[in-house]
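See below for the structure under consideration.
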Amino acid sequence: MITTSAIDFLDAFTALAPLPGAAATARVAFLVAPAEFSLAAESAQDNRYMDMRHVVDPLQALAQHSALAQALRADVPVITFPGDPATPDAVFPNNVFGTAPGRLIVGRMRHAVRQREAARVDIRNFFGEVLGYDEIDLSGCTDLVAELTGSLIIDRARGVGYCGLSERCDMAGARAMHQAFNLRLTYCFELAEAEYHTNVVLTLLAGRAAIIAADGFRDPAAARAIAQAYGERTIWLTPAQKQAFAGNAITLSNDRVWMSACAAASLTDEQRTALADYGFAIGAVELGEIEKAGGSLRCCVGEIY
């Protein structure tokens, strides 16, 4: 079922039982290392979190990325694919490559500079030849835009997707991802005009709670409906916290949420206490150099289910 109605979403969500044997978090994470890291002017056209006036340090970005991989190994095995100088800002693989059990999904990126990432033969072959995954390739579809788990936040334990519609994902893309990820329910809603990806305004915490920046939704009722679905176990972010990437977080285990050092520093004591009450410690990694490219920790992490 795909719906754009908050009422219909809540009715359908309430009727869903958890999927038997479904894991709420990934079993492996994968990253793509920065190579000659730089900012892409094309991506900046609709990414308000980018500022092309910034000067980036490629070596500092590489060091921060390496530290991220090392930190995440506390929760899951981590695979790092080498970067490609031909795609110098390609450090956000979750937009391009996603998985469901036994499936690799390749997204359809909006900008040509990101579309080149989908052609990575080594990444495709790793999933196809090494893991034996079937490939669902949306990258050649010219009638849709679908930037995978940048636009689509998935409750893996229930098979429920939350798809923010923007220039980076349209309804045709939402339908294609609903099918590709084999979801039972997808709730589609429009992001606020200035937002580009859902994963900067919404994080699901191992299917038990949520982090939400309400001002990132065009209709506040959509944000409230998601919070209601999770029993109001929600960390509500201010606009400043959203800008600090506190909404761009990920759980790779049942008891820890990972976010950048900037994001973690923006949280209040009350929010930290609430996360602890929900059963989550905070893991933080310094990513200031990478964040100049308009994404943060969650954007860097591809998931293998």
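Tabulated data for the structure shown
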{"item": "Some residue of the stretch 110-132 being buried (at least 23 other Cβ atoms within 10 Å of the Cβ) and either more than 18 Å from the chain's Cα centre (by Cα) or within 30 Å of residue 17 (Cα to Cα) (or both)", "result": "no"}
{"item": "Output for the stretch 119-143, where each listed residue is touching a helix residue (DSSP H, G or I) at 6+ places or on another chain (Cβ under 9 Å), within 18 Å of residue 30 (Cβ to Cβ) and not charged (D, E, K, R)", "result": "123, 133, 136, 139"}
{"item": "Residues of the stretch 64-91 classified as among the hydrophobic types (A, V, I, L, M, F, W, C) and at pLDDT below 95, total", "result": "3"}
{"item": "Residues of the stretch 140-175 classified as farther than 25 Å from residue 252 by Cα, aliphatic (A, V, I, L, M) and touching a Lys or Arg at 6+ places or on another chain (Cβ under 8 Å), total", "result": "2"}
{"item": "Residue 272 farther than 30 Å from residue 88 by Cα, touching a residue at least 24 places away in the same chain (Cβ under 8 Å), out of contact with any His (no Cβ under 6 Å at 6 or more places or on another chain) and surrounded by fewer than 22 Cβ atoms within 10 Å (Cβ to Cβ)", "result": "no"}
{"item": "When residues of the stretch 1-30 are limited to those that are in contact with a Gly (Cβ under 7 Å, 6 or more places away or on another chain) and outside any loop (DSSP other than H, G, I, E, B), the one farthest from residue 157 (Cα to Cα)", "result": "30"}
{"item": "Residue in the stretch 82-99 that is surrounded by fewer than 17 Cβ atoms within 10 Å (Cβ to Cβ), under 20 Å from residue 33 (Cβ atoms), free of Cβ contacts under 8 Å to residues at least 24 places away in the same chain and hydrophobic (A, V, I, L, M, F, W, C) present", "result": "no"}
{"item": "Residue in the stretch 251-264 that is without any contact (Cβ under 8 Å) to a residue 24 or more places away in the chain and part of a loop (DSSP other than H, G, I, E, B) present", "result": "no"}
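So that you can scan it fast, the table gives a plain yes or no per residue for (1) in a helix (DSSP H, G or I); (2) more than 29 Å from residue 5 (Cβ to Cβ); (3) of a type in the set (A, V, I, L, M, F, W, C); (4) in contact with a helix residue (DSSP H, G or I) (Cβ under 6 Å, 6 or more places away or on another chain):
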site: 196; (1), (2), (3), (4): no, no, no, yes
site: 199; (1), (2), (3), (4): yes, no, no, yes
site: 203; (1), (2), (3), (4): no, no, no, no
site: 248; (1), (2), (3), (4): no, no, no, yes
site: 279; (1), (2), (3), (4): no, yes, no, no
site: 282; (1), (2), (3), (4): no, yes, yes, yes
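The values are calculated or read from the model by the stated rules, or taken from the named source; none is laboratory data. Quick caveat, the model's predicted, so the values are computed rather than measured. Cβ sites come from the backbone with ideal geometry, for glycine too, and all protein chains shown count toward neighbours.
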